[in-house]
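Beneath this line is the structure, given in structure tokens, with notes to follow.
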Amino acid sequence: MFSDLIYRLRALFRRNRMESDLDEEIRLHVERETEADIERGVPPEEARRRARLALGGQEQTKEACRDARGVALVESLLQDVRYAARVLRKSRGYSAAAILTLALGIGATTAIFTLVNGFLLRPLPVHEPDRLVAVREVDPQRPIPFLAATVREQIGERTQLFQSVCSWMPALLNLAERGEADLVEGIGVSGRFFETLGVPAILGRTFTAADDRQGGGPAGPVAVISHRYWQRRFGGAADAVGRSLTVNRVSYTIVGVTPPRFFGPMAGRSFDVALPFGTTGGLGSGYVLGRLAPGQTPESATAALRAVQPQIREATLPAAVAAGFQASRWLTQPLSATSAATGTATPLSDRFQRPLLAMLLLAGLVVLVACGNVANLVLARATARRHELSVRRALGASRARLARQVLVESLLLSGVGAGLGLAFAQVFCPFLVRQISTTTNPASLDLSLDWRLLAFTAGISVCTALLFGVVPALRAARVQPHDALKEGGRTRVGDQRWGVNQALIVGQVGLSVVLVVAAGLFVRTFATMATMDLGFDRTRTVIVGLNLRDARVQPPARVALYERLRQAVASVPGVADAVALRTVPVSPDHWVEAVRVAGREPPAEAATRGPFLNAVSPGYFATFGAPILAGRGFGDRDVQGAPLVAVVNETFARLFFGGPNPVGETLTFGPRATSSPPFQIVGLARDAGSATYFGLREGVPPTVYLCISQMSPDIVNFTPPADVRIGVRLAGSISAAATRGIAAAVGSVEPDLRVRMRTMADYIDGTLITERLAAILAGLFGSLALVLAGVGIFGVTAYAVSRRRAEFGVRIALGASTGDVVRTVLQRVVILMGLGLAIGGAVSFWTSRLVAALLFGLEPRDPATFVGAAVVLAAVALLAGWLPARRAARIDPAIVLRNE
Amino acid sequence: MGEPHLDLPQGTLDLLILRTLELEPQHGWAMSNRIRQVSSDALNIQQGTLYPALHRLERRGWIRSRWATTDNNRRAKFYELTRAGQKQLEQETTNWQALAAAVAQVLESA
């Protein structure tokens, strides 16, 4: 076996030597034979004749010897590759067109796959990622699977469950001491976080369990920073460890730097600073990750977890109830451990999964359209090369050899195209990642090449080569040795190879219809959402985020401070209006409570989509474009001690009262009827710009507005919050002067407050990431398909015209008008286009439902989109057909007839 | 030309080559010459069959080759049996004899 391999390798690499040996060996044999014949008394003439006869067979003998050496296949393949490279180099225009077309298609697909790989497939850069599991309570009601710190500690104490357990939570950290915020991406982590992941420090140390104590461990509050932040902030200085870092007004000592490849526990985001939960003053709940002991599986870990779940629940219940959780819902859903090799699944990665897979599918269709064009090119060339192929056939090349030759050329084309496509993707991907980044959710993804990416690209490249190369290869195999003689090297007039080309054009048009329809649906979805009337001008409305804890303002003093801050901001030049509010509309900000209306059963819908609450100052309804339709808005008389009032929106009135005017009714909020004092409804506001947790898709929820100046620590659930916003309507567009003025105004009231400013447009953009990404990509793919289909139709039509020059020449000579000729050419284009439109339309009609969940504001079978796609495609097809048709009409019959 | 000629059953050529080389290293032409002589001109191995077979056997590691000079001082490629080839020859010989005996028995009894 081994000797066989050595022999073959030697045969392959020392080919020249072995060839000359073979020549020599056989020459000597013939020489000997002749001498022997002469010795035996054969006349010299006859002996020489026999030798010559033997010579004739020499080539066959040699070929048989090469076969016996077992390298013939590889050797002739290498020959084919060299030959193909030479052929492709010689016809540069053809090769460039084919390669570029393929590179566009393959590049688009590879770019999307790079994102899919980064988000969903690539394992975390940690020690043995296969042994990481995410531990969560399987609760369909709660999309964010946090577990409380007490639960994580209980799991950790039961050492038979996991080798180690940790938890983490993303957080924006503010490094500024006062004034405008200086935000970095942070993660709060439990003490054994780095140990569980198996991530060492490249400088200093990571955390220990001792660092995660309330107020900090023996070394005080400590921080670990990422390699990225180390480079950015400290320029990679070796003495960064030991320096201090002020986070949220607490001074931390930097104790370590993580390796460059480690971006954090979650794909799609990276971190700058990690802090132990104990030092952040938070509750320490977060995503829980466990490391399985060797031999353990997620299933066995899940079973073990569920066995001890009642004990864990019992141990953590008192503290949970004390913190205000409902005992009946505490840890009642089964715990489970699922593989987290690719990182914690968070709402961000879940959110991208469906759109990304849809885009991957669309990119695949683009590749198919590109294949159609390349197939046309290869076919046209194969026809032009009939002569060459036929001569090779006559010289003894087998059918299989010719077919293989053509296929090798296709593979070479697609291989080079894929390489170029990969380069395109590497350039394009960072742009896509920027598109999915927002101020508060900066996306960051590991886009570097790995074997998955290379295998995917190689696979696509081979598939495309087979798609566009098989038919031409089979055609090459059908070439007869006498074809070259028969045609005398001149191309035959006729439509013999029309069949395949027609089918290709129909297919391309059909696929393009699907892509253009998809583009239309996604672009219109985004446009609908981006231009939705929210009642306010999103670019001129700025939200100023404040946290009164910065200035240690106690609840009783807060309401007065809200008003002083509001007035200070309102007096800044360029500010038209300023109001105080608790939650920001159209943002992840939310305040949801059960609401009861005196004397009525809460509607069923309210159970799944609880009314949103907001506390706002009197000017809110004017500033945020939600005019009062009945009753009144809030006013100066609505203060602490005065009767409690509420304003509801139209949706709330419809859901809870079934009628338009609820003014005069009373409501309470909170889990029980006695959770809050009654509030009287004094006004009805228009549905607009109301708070929604997941964004505009959800539509306007039932909303109850309460008056922020009535908030009081004496009323349960109605304490003035430390987190408050000033909503600002600017007179002009946002400017540095305006933001500086606002920050200064806040500072003049309370110098310790730190200020975060974002426009409403920024908030809303953050909720439209997937829609924007889908619109950009689908639009891009749709345009690409249009261009490719247009080029395809142009190419095929122009080719057909060039083959029918003589015919058109005769027709024109016989009196056909320009219009006649153009009609003749376009007729075929129209038929093909019509077929393609019908097929593509039908396919889109059936498949568009698949993306229904990603659409908004229109049906998947939106007639306008379908008609629009058909019109655009028809226009492109007619233009692509008309250009060569015009050329056909300008043929000079005299020249054509002379040439014939 | 009327030369006496027998068709070789599949696989027999390998056996003949190995057997010929068992006596001493040989070059191709000498081998075909020897087989012809020993078989009283009944077996005439053509170069078109002989050389591919030699290359195949070499690939399998049963024979190896080297360039050397012949008795009358001419260069030629000599083939010789390897240890694996020796084993193969023994096994093939046994097989062949068993087969030949079986075939003969069937032919006689018919």
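The values are calculated or read from the model by the stated rules, or taken from the named source; none is laboratory data. Since we're looking at a predicted model, the values are computed, not measured. Counting neighbours? That spans all protein chains shown, and the Cβs are built from the backbone with ideal geometry, glycine included. Keep in mind that these areas ignore ligands, DNA and RNA; they rest on the heavy atoms of the full protein, side chains included. Shrake-Rupley method; radii C 1.70, N 1.55, O 1.52, S 1.80 Å.
List the aspartates and glutamates whose alpha-carbon lies under 17 Å from that of residue A:62, not counting same-chain residues fewer than 8 positions away?
Hits, sequence-local ones excluded: A:19, A:21, A:23, A:24, A:25, A:31, A:75, B:58.
Given a 1.4 angstrom probe, I'd like the percentage of the accessible area of the protein assembly as shown that is carbon and sulfur, rounded to a whole number.
Ligands and nucleic acids excluded, carbon and sulfur give 58 percent.
For residue A:791, tell me the accessible area in Å² from a 1.4 Å probe, rounded to the nearest 10.
We get 80 Å² for residue A:791.
In square angstrom, what is the accessible area per residue of chain B with a 1.4 angstrom probe? Display every interim value, and only then the final one.
Details: 6570 Å² over 110 residues.
Value returned for chain B: 60 Å² of accessible area per residue.
Could you provide, to the nearest whole Å², the per residue accessible area of the range A:373-469 with probe 1.4 Å?
It amounts to 41 Å² per residue over the range A:373-469.
Tell me the total accessible area that A and B bury against each other, 1.4 angstrom probe, in square angstrom rounded to 100. Intermediate values should be presented prior to the final figure.
Working: alone 40480 and 7730 Å², together 45890 Å².
Summed over both sides, the interface buries about 2300 Å².
Note the angle between two axes, namely the Cα long axis of helix B:12-23 and the longest principal axis of the Cα atoms of chain B, as a number of degrees from 0 to 90, rounded to the nearest 10.
The answer is roughly 50 degrees.
So if each residue of separation counts as 0.36 nm, and I subtract the Cα-Cα distance between residue A:686 and residue A:435, what length gain in nm does that give?
87.1 nm
At 15 angstrom or more along the helix axis (alpha-carbon based) and mean Kyte-Doolittle of 0.0 or higher, what helices does chain A contain? Whole DSSP H runs only.
Those that clear 15 Å and a mean of 0.0 are A:2-13, A:72-90, A:92-116, A:298-322, A:347-384, A:399-435, A:451-478, A:498-530, A:736-749, A:769-803, A:818-847, A:863-889.
With a 1.4 Å probe on protein heavy atoms only, tell me which residues of the range B:15-38 lose at least 20 Å² of accessible surface in the complex relative to the chain by itself.
B:29, B:36
Compute the accessible area per residue over the range A:802-845, keeping the other protein chains in place, probe 1.4 Å, unit Å².
So the range A:802-845 comes to 52 Å² accessible per residue, rounded to a whole number.
Under a 1.4 angstrom probe, counting protein chains only, how are A:46, A:601 ranked by accessible area, largest first?
A:601, A:46
Residue A:533 accessible area, nearest 10 Å², 1.4 Å probe?
110
Take the protein assembly as shown, compute every pairwise Cα distance, and split them into 20 Å bins from 0; I just need the percent in each bin.
Pairs per bin, as whole percents: 10, 27, 26, 20, 11, 5, 1.
Sorted by average packing, counted as other Cβ atoms within 10 angstrom per residue and highest first, what order do A:77-83, B:14-20 take? Please report the intermediate quantities before stating the final value.
On the way: A:77-83: 14.1, B:14-20: 20.1.
Ranked by mean Cβ neighbours within 10 Å, highest first: B:14-20, A:77-83.
By per-residue mean of other Cβ atoms within 10 Å, what is the highest-first order of A:231-239, A:245-253?
With the highest mean Cβ count within 10 Å placed first, the list reads A:245-253, A:231-239.
I'd like the accessible area for residue B:79: 1.4 Å probe, protein heavy atoms, all chains in place, Å² to the nearest 10.
The accessible area comes out at roughly 0 Å².
Could you state the number of Å between the C-alpha centres of the range A:839-869 and the range A:317-340?
First find each Cα centre; the distance between them is then 43 Å.
Please work out the Kirkwood hydrodynamic radius for the range A:133-191, using every pair of different C-alpha atoms, and report it in angstroms with one decimal place.
Value: 13.9 Å, from the Cα pair sum.
In whole Å and largest first, what semi-axes does the C-alpha gyration tensor of the range A:82-220 yield when each eigenvalue is scaled by 5 and square-rooted? Provide the component values of the computation, followed by the final result.
Values: eigenvalues 463, 91, 62 Å².
Three semi-axes, in Å: 48, 21, 18.
Seen from all sides and averaged, what is the projected area of the convex hull of the Cα atoms in the range A:58-129, in nm²? Could you put the intermediate results ahead of the total?
On the way: hull surface 38.8 nm².
Mean shadow area of the hull around the Cα atoms is 9.7 nm².
Partner chain Cβ atoms within 10 Å, averaged over the residues of B:55-66 - can you pull that number for me?
What the average comes to for B:55-66 is 4.
Using just the helices of chain A, give the 222 nm mean residue ellipticity in deg cm²/dmol: DSSP H runs with n ≥ 4 each add -39,500 (n - 2.57), and the total is spread over all residues, rounded to 500.
-17500 deg cm²/dmol
Straight-line reach from residue A:90: which aspartates and glutamates have Cα under 17 Å away, leaving out those fewer than 8 places along the same chain?
Filter leaves A:80, A:388, A:409.
Per 5 Å bin, what is the whole-percent P(r) computed from every C-alpha pair distance within the range B:37-110?
The distribution over the range B:37-110 is 3, 12, 12, 16, 23, 16, 7, 5, 3, 2, 1, given as percents.
In the protein assembly as shown, what percentage of the DSSP-assigned beta bridges are antiparallel, given to the nearest 5?
Details: 70 of 90 bridges.
Counting DSSP beta bridges with both partners in the protein assembly as shown, the antiparallel share is about 80 percent.
Take residue B:66 and residue A:632, extend 7 Å from each Cα along the Cα→Cβ direction, and tell me the distance between the two endpoints in nm.
11.7
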